[in-house]
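Peer 1: Structure in structure tokens, see below.
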Amino acid sequence: MNNKNKETTVNIEQVRPDAKMQSITLNAWFGSKQALKEINLTVEANAVTAIIGPSGCGKSTFIRCLNRMHELVPNARMSGQVLLDGKNIYSNETDPVQIRRRVGMVFQKPNPFPTMSIFDNVAAGLKLTGTKKGQNLDEIVKKSLQQATLWDEVKDDLKKPGTSISGGQQQRLCIARAIALQPEVILMDEPCSALDPVATAKIEELIVSLKHDYTVVIVTHNMQQAARVSDFTTFLYLGELVEYGDTRSMFENPKSEITEKYITGKFG
Amino acid sequence: MTNYILRKFKNRLFFILCAVCVVIAVIPLLSILYEVVSRGAPQLSINFITQKDADGGIGPAIQGTLILIGLTSVVGIPLGVLSGVYLAEFGNNKYAASIRTVNDVLTEFPSIVVGITAFGVVVLGIMGSYSPLAGAVALSFILIPIVARTTEESLKLVPNSVREAALALGVHKWRTTLSVVLPAAKGGLVTGTLLAIARIAGETAPLIMTVLGNAYFFQGFSSPMDALPLRIWRDSLQPYANLQAQGWGAALVLILIVLSLNIAVRMASRGRLRR
């Protein structure tokens with residue numbers, strides 16, 4: 001891992017103190033293959049930021065850099081900085097485990113813990129990180145499931161295995177699991193790609209409602225989805241940031257030709 | 001059309017080949033089982049499994065085997081499981097690669113050599129006498145590599161997405177391994193451990209060098225002890241028909257012990273969440 005940031009001295013003008021997260025000259029590699037090139041991106045607080053782009057453009061790698069999950073992949077490394085509330089999460093004194101508690105993640109495929117019940121899946125984060133702090137676990141689980149709009153569907157089956165419910169429900173369970181820890185940012189890596197349209201609509205509604213309490217970053221293949229749920233959109237292509245802007249103007253009036261080609265479906 | 005018939009024929013031929021091989025492989029196993037049951041079953045009685053040798057029983061051997069299984073499990077299973085955890089979860093380095101190779105060699109190590117080692121180190125060195133502890137040490141040498149290997153294999157079957165889910169919640173690596181990955185691999189762990197116990201329950205060579213055998217019940221940790229494989233071995237060398245018959249009975253008892261251990265552990269470890 002190269003967390004030392006030798007070459008990157010942060011330009012003061014670049015830093016936006018009011019932004020929730022910010023990446024500064026972020027590069028990422030898998031072995032010798034560079035997946036991200038000099039990404040400078042701002043994630044606004046209490047908003048949904050969508051990251052779009054064709055397969056292999058580095059979308060997932062980018063959000064995995066935002067909670068230090070990238071470094072868990074063998075041979076993966078990165079350089080540059082990622083700021084969370086103005087502090088570099090890659091500084092030497094930062095504990096990645098603490099960062100992951102503040103920046104939660106929902107994965108592409110629903111991945112509830114196979115040996116745990118629905119209740120335990122939601123409570124897992126609190127139990128396993130020892131951050132219960134004497135709070136009422138039942139209450140937190142209920143609130144998290146309600147926020148994930150799953151409570152009414154599972155309230156009588158909390159003892160059932162987390163894997164016994166449908167795929168769409170499992171994904172909302174995973175969102176509830178992330179919410180239970182009260183993170184500041186929730187990263188979603190194509191959360192609907194394994195789901196049917198009805199389940200997708202539910203998750204999209206949920207994403208929009210989440211931004212009141214959290215900052216959301218969502219990776220998606222689906223342009224309509226980005227247009228529906230996000231406030232800001234970033235277009236990545238071949239590991240580079242091509243365009244960033246508020247979602248509306250980006251879809252109505254893209255500045256770059258390649259963005260226009262992508263969002264009109266000419267390639268990708 | 002002829003192509004289709006040819007393909008169907010080849011398919012059928014391959015199936016028959018597989019089926020014949022299975023039958024050939026199973027015949028010796030079933031015939032051994034038949035021999036043991038038909039010759040051993042008439043021996044079984046309360047007297048036979050509770051009394052000492054002089055009273056026509058194999059009690060000391062049963063007791064000894066249970067003690068050896070217990071001691072070996074207490075020492076060997078935690079060591080083996082944790083070694084397997086290291087290899088699977090933290091084994092992405094060059095040390096682990098060599099440990100893995102050595103472990104594989106140990107798995108197939110000649111058990112008589114293990115016995116001689118325990119004889120030299122424990123019987124001659126530490127204890128100064130034949131001892132159940134020496135037997136447990138020797139059997140642990142056999143058990144640990146098997147448990148470590150099967151633990152590693154079953155942990156590798158747990159999808160990485162499960163680990164990532166826990167790590168992304170800010171759960172520490174050790175806690176993820178202990179509370180998420182190991183429970184998910186429980187089925188494989190139980191099977192691997194049971195196979196290892198079945199293997200050591202039947203080991204004879206290392207016991208000759210370490211616990212020696214005894215016609216009386218357990219006499220302390222610095223005295224020789226009996227075990228079922230030793231009893232079977234001794235009885236099989238006897239010219240007397242009644243002792244040979246007792247050997248068959250002992251063999252059946254050993255099989256029954258391993259079988260009931262298997263069933264008991266499986267019943268106990270069948271969690272309510274396993275479907």
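Peer 1: Working only within the stretch B:74-90, note down all residues that are under 15 Å from the mean Cα position of the chain (by Cα) and among the β-branched types (V, I, T).
Peer 2: Scanning the stretch B:74-90 gives B:V74, B:V75, B:I77, B:V81.
Peer 1: Ok, one more. Scan B:G84, B:G40 and give me the residue that is over 30 Å from B:A185 (Cβ atoms), in contact (Cβ under 8 Å) with a residue 24 or more places away in the chain and crowded, with 16+ Cβ neighbours inside 10 Å.
Peer 2: B:G40
Peer 1: Can we say B:V122 is farther than 30 Å from A:T163 by Cα and part of a helix (DSSP H, G or I)?
Peer 2: Considered against the rule, which asks whether it is farther than 30 Å from A:T163 by Cα and part of a helix (DSSP H, G or I), B:V122 comes out as yes.
Peer 1: Could you check how many residues of the stretch B:89-104 are more than 14 Å from B:P145 (Cα to Cα) and either touching a Lys or Arg at 6+ places or on another chain (Cβ under 9 Å) or in a helix (DSSP H, G or I) (or both)?
Peer 2: 6
Peer 1: Starting from the stretch A:236-252, keep only residues that are surrounded by fewer than 16 Cβ atoms within 10 Å (Cβ to Cβ), then list their pairs with residues that are part of a loop (DSSP other than H, G, I, E, B) whose Cβ atoms are within a distance under 7 Å, requiring at least 6 positions of separation or different chains.
Peer 2: Listed by first residue and then by second, the contacts come to A:L238/A:C57; A:D246/A:D231.
Peer 1: Considering only residues that are loosely packed, with under 13 Cβ neighbours inside 10 Å and either touching a His at 6+ places or on another chain (Cβ under 9 Å) or not charged (D, E, K, R) (or both), which ones fall in the stretch A:253-268?
Peer 2: Correct list: A:N253, A:T264, A:G265, A:F267.
Peer 1: Now for a different question. Going through the stretch B:241-273 one residue at a time, which ones are away from every other protein chain (no Cβ under 14 Å) and closer than 24 Å to A:S117 by Cβ?
Peer 2: The answer is B:V265, B:R266, B:M267, B:A268.
Peer 1: Could you say whether any residue in the stretch A:34-50 is in contact with a strand residue (DSSP E or B) (Cβ under 6 Å, 6 or more places away or on another chain) and in a helix (DSSP H, G or I)?
Peer 2: So far as the stretch A:34-50 goes, no, none of its residues is in contact with a strand residue (DSSP E or B) (Cβ under 6 Å, 6 or more places away or on another chain) and in a helix (DSSP H, G or I).
Peer 1: Determine, yes or no, whether B:P145 is at pLDDT 95 or above, surrounded by 15 or more Cβ atoms within 10 Å (Cβ to Cβ), over 24 Å from B:T191 (Cβ atoms) and within 24 Å of the chain's Cα centre (by Cα).
Peer 2: no
Peer 1: Still on this structure: Considering only the stretch B:166-176, state which residues are out of contact with any strand residue (DSSP E or B) (no Cβ under 6 Å at 6 or more places or on another chain) and either surrounded by 20 or more Cβ atoms within 10 Å (Cβ to Cβ) or facing another protein chain (nearest Cβ under 7 Å) (or both).
Peer 2: Passing the criteria: B:A166, B:L167, B:L169, B:G170, B:V171, B:H172, B:R175, B:T176.
Peer 1: Just one of A:L72, A:L26, A:L84 is closer than 28 Å to B:S161 by Cβ and without any contact (Cβ under 8 Å) to a residue 24 or more places away in the chain; which is it?
Peer 2: Sole residue among the options that is closer than 28 Å to B:S161 by Cβ and without any contact (Cβ under 8 Å) to a residue 24 or more places away in the chain: A:L72.
Peer 1: Does B:F14 satisfy being surrounded by 10 or more Cβ atoms within 10 Å (Cβ to Cβ), out of contact with any strand residue (DSSP E or B) (no Cβ under 7 Å at 6 or more places or on another chain), aromatic (F, W, Y) and touching a residue at least 40 places away in the same chain (Cβ under 8 Å)?
Peer 2: Criteria not met by B:F14.
Peer 1: If you check A:F251 against the conditions, is it of a type in the set (A, V, I, L, M, F, W, C) and within 15 Å of the chain's Cα centre (by Cα)?
Peer 2: Answer is no for this residue.
Peer 1: Looking only at the stretch A:10-33, filter to residues that are of a type in the set (G, A, S) and in a loop (DSSP other than H, G, I, E, B); which one of those is surrounded by the fewest Cβ atoms within 10 Å (Cβ to Cβ)?
Peer 2: A:S32
Peer 1: Within the stretch A:93-112, how many residues turn out to be crowded, with 24+ Cβ neighbours inside 10 Å, within 7 Å of chain B (Cβ to nearest Cβ) and hydrophobic (A, V, I, L, M, F, W, C)?
Peer 2: So the answer is 1.
Peer 1: All but one of (1) surrounded by 13 or more Cβ atoms within 10 Å (Cβ to Cβ); (2) over 20 Å from B:L207 (Cβ atoms); (3) modelled with pLDDT under 95 hold for B:D55; which doesn't?
Peer 2: Among (1) surrounded by 13 or more Cβ atoms within 10 Å (Cβ to Cβ); (2) over 20 Å from B:L207 (Cβ atoms); (3) modelled with pLDDT under 95, B:D55 violates only (1).
Peer 1: A further question follows. On the basis of being among the basic types (K, R) and either within 14 Å of chain A (Cβ to nearest Cβ) or more than 24 Å from B:I146 (Cβ to Cβ) (or both), does B:R199 make the cut?
Peer 2: Spelling it out, it is not the case that B:R199 is among the basic types (K, R) and either within 14 Å of chain A (Cβ to nearest Cβ) or more than 24 Å from B:I146 (Cβ to Cβ) (or both).
Peer 1: Within the stretch A:54-94, which residues are assigned to a helix (DSSP H, G or I) and more than 29 Å from A:E260 (Cα to Cα)?
Peer 2: Scanning the stretch A:54-94 gives A:H70, A:E71, A:L72.
Peer 1: Follow-up question, since we're still on this one. What's the number of the only condition in (1) under 28 Å from A:D18 (Cβ atoms); (2) assigned to a loop (DSSP other than H, G, I, E, B) that A:G245 fails to meet?
Peer 2: That leaves (2) as the condition not met.
Peer 1: Might you check whether a residue that is more than 14 Å from every other protein chain (Cβ to nearest Cβ) and of a type in the set (K, R) occurs anywhere in the stretch A:173-182?
Peer 2: no
Peer 1: Still on this structure, I have one more. Scan the stretch A:151-161 for residues that are facing chain B (nearest Cβ under 9 Å) and either in a helix (DSSP H, G or I) or in contact with an Asp or Glu (Cβ under 6 Å, 6 or more places away or on another chain) (or both) and report the count.
Peer 2: Residues that pass the stated criteria total 0.
Peer 1: Ok, one more. Between B:A251, B:A245, B:A268, B:A227, which is small (G, A, S) and without any contact (Cβ under 8 Å) to a residue 24 or more places away in the chain?
Peer 2: B:A268
Peer 1: Okay, moving on. Can you pull out the residues in the stretch A:76-87 that are closer than 22 Å to A:L181 by Cβ and buried (at least 18 other Cβ atoms within 10 Å of the Cβ)?
Peer 2: Matches in the stretch A:76-87: A:V82, A:L83, A:L84.
Peer 1: Within the stretch B:63-73, can one find any residue that is in a loop (DSSP other than H, G, I, E, B) and touching a residue at least 60 places away in the same chain (Cβ under 8 Å)?
Peer 2: no
The values are calculated or read from the model by the stated rules, or taken from the named source; none is laboratory data. As the structure is a computational prediction, the values presented were derived from the model and not from experiment. Cβ sites come from the backbone with ideal geometry, for glycine too, and all protein chains shown count toward neighbours.
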